[in-house]
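A.B. asks: This is the structure, below, for whatever I ask next.
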């Protein structure tokens, strides 16, 4: 089992006045054998961070390390991939002209299984792991359902013999009736194989089902991170509370946004990421920030991120509880 660590990771897009930090100085650790759920709304930088981990997005600053060694290098085909990514759209990530069995076989390290018969046996084993019959190996992606294609994508990720898997919104393109089955499969595979996993979603209800640790991302930064049960039971950042209030209330974790002191900020739009607000990035939308409580002027002028380590769940909020 291996530890994946992001240290001060920054990813920039654009140049000049149109330059933006899609990911801004992110520190995050995926502990060995645990699932870290990364949650945030669209445009928060989650997928960019995932792509940076596998070398698909160049770093402007920082490092991505697996057990202390650089991890964000694109490995040649047929070689082991210690960090592997499963993409949101399984159809786009599979070659439509190839049989799915060949797509999975292509990811099996050649040094490990050079013999063609052994590779076919390994593909059959991987298909069995993800709940597909061996007969599915001879079909093309268009002949499979969305859930079956995502199972093939999982098998392909496991074929590279990774230590850490990054699952980027892998249920969002699936029918609701299939999402639960895929989530159960992901959790079962992770536990049986002892994999570390970064599980990315905009849906906190999905993230809390599979995660040991929850990290909340907003405008390119991690604003809260801690053990899942603690973050869900006692969310410290107003943005986390907003996400939790929007999630279905079925497992005892809920937050009443209407009960927030100061009330909600009505119909606030996310800021332009090219022009990040000064101070706390969430303050123009915060239900307990300066728009609701004018005396809280520091939210609009002072960045809470530098002192986050001293607060509960490393929360980037001036009014979060201090770590005991």
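Quick note: the coordinates plus some simple rules give every number you see, no bench work behind them. Bear in mind that the values here come from a model prediction, so they are computed numbers and not experimental data. Here Cβ is always computed from backbone atoms with ideal geometry, including for glycine, and neighbour counts include all displayed protein chains.
A.B. asks: Do the sum for the chain: with -39,500 (n - 2.57) for every DSSP H run of n ≥ 4, divided by all residues, what is the mean residue ellipticity at 222 nm, to the nearest 500 deg cm²/dmol?
C.D. replies: Numbers: 10 runs with 92 residues, N = 324.
So the helix-based figure for the chain works out to -8000 deg cm²/dmol.
A.B. asks: Arrange the following residues from fewest to most other Cβ atoms within 10 Å of their Cβ: 10, 171. Show your work: numbers first, answer last.
C.D. replies: Working: 10 16, 171 24.
Ascending Cβ contact count within 10 Å gives the list 10, 171.
A.B. asks: If you don't mind, there's one more thing I want to ask. Length gain on complete extension for the stretch residue 140 to residue 118, per 0.36 nm per residue less the alpha carbon to alpha carbon distance? If you can, show how the numbers build up before the last one.
C.D. replies: Details: separation 22, 0.36 × 22 = 7.92 nm, distance 2.16 nm.
Here the answer is 5.8 nm.
A.B. asks: Checking the a/c ratio against 1.5 first, then a/b against b/c, what shape does the Cα gyration tensor give for the range 83-161? Intermediate values should be presented prior to the final figure.
C.D. replies: Working: a/c = 1.69, a/b = 1.37, b/c = 1.23.
Because a/c hits 1.5 or more and a/b exceeds b/c, the range 83-161 counts as prolate.
A.B. asks: Within 10 Å of each residue's Cβ, count the other Cβ atoms and sort 282, 127 from fewest upward.
C.D. replies: Numbers: 282 25, 127 21.
Result, fewest neighbours first: 127, 282.
A.B. asks: So, one more: Is the C-alpha gyration tensor of the range 36-181 telling us rounded, prolate or oblate? Criteria: a/c under 1.5 is rounded; beyond that, a/b larger than b/c is prolate, otherwise oblate.
C.D. replies: Numbers: a/c = 2.16, a/b = 1.22, b/c = 1.77.
Since a/c reaches 1.5 but b/c is at least a/b, the shape of the range 36-181 is classed as oblate.
A.B. asks: For the chain, what does the alpha-carbon gyration tensor say about shape, rounded, prolate or oblate, given a ≥ b ≥ c as the root eigenvalues, a/c under 1.5 as rounded, and a/b over b/c as prolate? It would help to have the intermediate numbers written out before the result.
C.D. replies: Working: a/c = 2.20, a/b = 1.83, b/c = 1.20.
Here the chain falls in the prolate category.
A.B. asks: Shifting gears a bit: Relative to the longest principal axis of the chain, what angle (0 to 90°, nearest 10) does the C-alpha long axis of helix 176-193 take?
C.D. replies: The two axes meet at around 80 degrees.
A.B. asks: If I take every Cα pair under 8 Å that is 6 or more residues apart in the chain, average their sequence separation and divide by the length, what percent do I get for the relative contact order? Walk me through the numbers before you get to the answer.
C.D. replies: Working: 658 pairs, mean separation 62.3, N = 324.
Taking the mean separation of contacting Cα pairs over the length of the chain, I get 19 percent.
A.B. asks: Once the Cα atoms of helix 116-129 and of the chain are each reduced to a long axis, what angle between those two axes, in degrees from 0 to 90 to the nearest 10, is obtained?
C.D. replies: That works out to roughly 40 degrees.
A.B. asks: Related question: What's the ranking of 302-314, 36-48 by average number of surrounding C-beta atoms within 10 Å, highest first?
C.D. replies: So the peptides 302-314, 36-48, ranked by packing, come out 36-48, 302-314.
A.B. asks: Next up: Ranked from highest to lowest mean number of other Cβ atoms within 10 Å per residue, what is the order of the peptides 140-148, 174-182?
C.D. replies: Numbers: 140-148: 15.9, 174-182: 14.1.
With the highest mean Cβ count within 10 Å placed first, the list reads 140-148, 174-182.
A.B. asks: Hey, another quick one. Nearest 10 degrees, 0 to 90: what angle lies between the long axis of helix 146-159 and the longest principal axis of the chain (Cα atoms)?
C.D. replies: For helix 146-159, the angle is close to 80 degrees.
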